[in-house]
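Structure first, then comments.
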Amino acid sequence: MASQLTDQKPKTGIRVLIVGGGFGGLALAIECHRQGHTPIIYEAHPQHKNLGDTLMFGPNGGRIIHRWSNGAVAAAMSRISLNVRDTGFNVRKYDTGEIIVNQKSNYRPDSPMFNGHRGELHEILLGTAEPSSTPGYMKDVKEHVQGWDPLVWKIVSKTPEEKLSDWKLLYCDPLPSWVSGKHGRVCLLGDSAHPFLPTSAQGASQAMEDAVTLAVVLRQAGKGNVRAALRAYQDIRYDRVKAVQKTGEDKRDAWHEADWDEVRKDPTKVTWRYAGWILSHDAEKHAEEVGYDAIKKASLVRANL
């Protein structure tokens with residue numbers, strides 16, 4: 001994929017070792033190539049496994065993808081994505097399947113959105129999907145969906161048991177630091193630094209923002225100032241990530257604690273609220289604008305340690 005990119009900047013001499021070929025790792029490899037670095041990915045799983053459920057890239061993530069290979073990657077993703085921008089999506093009551101509201105939006109971003117199967121979208125980035133290492137059991141699934149709309153069990157019961165995975169939803173606040181302490185030449189991005197709830201619909205997009213920000217500040221700092229670049233990357237991203245995480249918490253609470261009698265009276269109580277400050281963000285442009293100052297600040301902090 002990286003060899004197809006046409007907007008590569010001059011070589012920086014920086015080699016970036018990336019552990020993990022998920023969306024964040026692949027995005028970082030592509031962005032490092034664009035910014036003139038040499039990325040090397042280490043991935044434990046040698047074969048692609050088409051695992052996972054639906055994944056969404058908001059316009060803030062789609063904006064980044066659209067710049068790769070003159071839009072070819074975005075075009076490939078669009079072909080296998082659901083067009084929820086025009087058709088909207090249904091919010092259903094879990095136990096009856098009753099459609100509470102069909103939500104459409106007048107929000108028309110200037111960059112694409114992608115909604116599709118995680119494994120297929122990941123395959124387009126020419127990587128290896130991150131599988132769950134824990135097997136799942138149909139009896140456990142059946143127990144968990146007791147009391148739900150019978151259609152749910154009819155669907156999930158068609159899954160071959162040998163392909164069933166127990167995919168945990170893990171969540172925590174952002175780590176206090178994403179950068180290694182003593183030497184400061186190792187950093188985290190994506191879920192390893194700040195896991196997102198599915199209700200945020202931003203986990204993959206925020207990993208994309210991490211990737212492009214890190215690649216940009218590495219170029220700006222240069223080979224001799226990598227430590228300051230990593231600190232600058234964290235400084236640029238940290239507060240935004242934490243704020244976006246909070247939207248997932250708020251949305252989870254609104255959906256999981258909904259008073260359905262009140263929702264029937266006012267379905268907007270469970271509609272998706274599009275946050276312009278999240279979706280309109282251009283992470284690459286922002287990093288270009290604030291990166292040098294952030295690097296300078298990080299360099300001064302290190303000099304005073």
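The values are calculated or read from the model by the stated rules, or taken from the named source; none is laboratory data. Everything numeric here is computed off the predicted structure, so don't read it as measured data. Positions of Cβ are generated from backbone atoms using ideal geometry, with glycine treated the same way; all protein chains shown enter the neighbour counts.
Would you point out which residue out of N225, N304 is at pLDDT below 95 and over 26 Å from Q202 (Cα atoms)?
N304
Starting from region 278-303, take each residue that is over 26 Å from K246 (Cβ atoms) and part of a helix (DSSP H, G or I) and list its partners that are of a type in the set (V, I, T) and at pLDDT 95 or above, counting only C-beta distances under 7 angstrom and pairs at least six apart or across chains.
Listed pairs, sorted by first residue: E288/V216; I295/V217.
How many residues does region 243-273 contain that are surrounded by 15 or more Cβ atoms within 10 Å (Cβ to Cβ) and in a loop (DSSP other than H, G, I, E, B)?
Residues that pass the stated criteria total 3.
Return the residues of region 138-180 that are of a type in the set (G, A, S) and either touching a strand residue (DSSP E or B) at 6+ places or on another chain (Cβ under 7 Å) or on the phi < 0 side of the Ramachandran plot (or both); say none if nothing qualifies.
Scanning region 138-180 gives S157, S165, S177, S180.
When only residues in region 146-191 that are among the basic types (K, R) and assigned to a loop (DSSP other than H, G, I, E, B) count, which is modelled with the lowest pLDDT? Break it down into steps so the answer makes sense when it comes.
As a first pass, look at region 146-191 and keep what is among the basic types (K, R): 154, 158, 163, 168, 182, 185.
Going one step further and asking which of them are assigned to a loop (DSSP other than H, G, I, E, B), we end up with 158, 168, 182, 185.
Working: K158: 88, K168: 70, K182: 78, R185: 94.
Residue satisfying both the conditions and the ranking: K168.
Just a yes or no: is a residue in region 90-101 at pLDDT below 75, surrounded by fewer than 17 Cβ atoms within 10 Å (Cβ to Cβ), of a type in the set (D, E) and in a helix (DSSP H, G or I)?
No: region 90-101 contains no residue that is at pLDDT below 75, surrounded by fewer than 17 Cβ atoms within 10 Å (Cβ to Cβ), of a type in the set (D, E) and in a helix (DSSP H, G or I).
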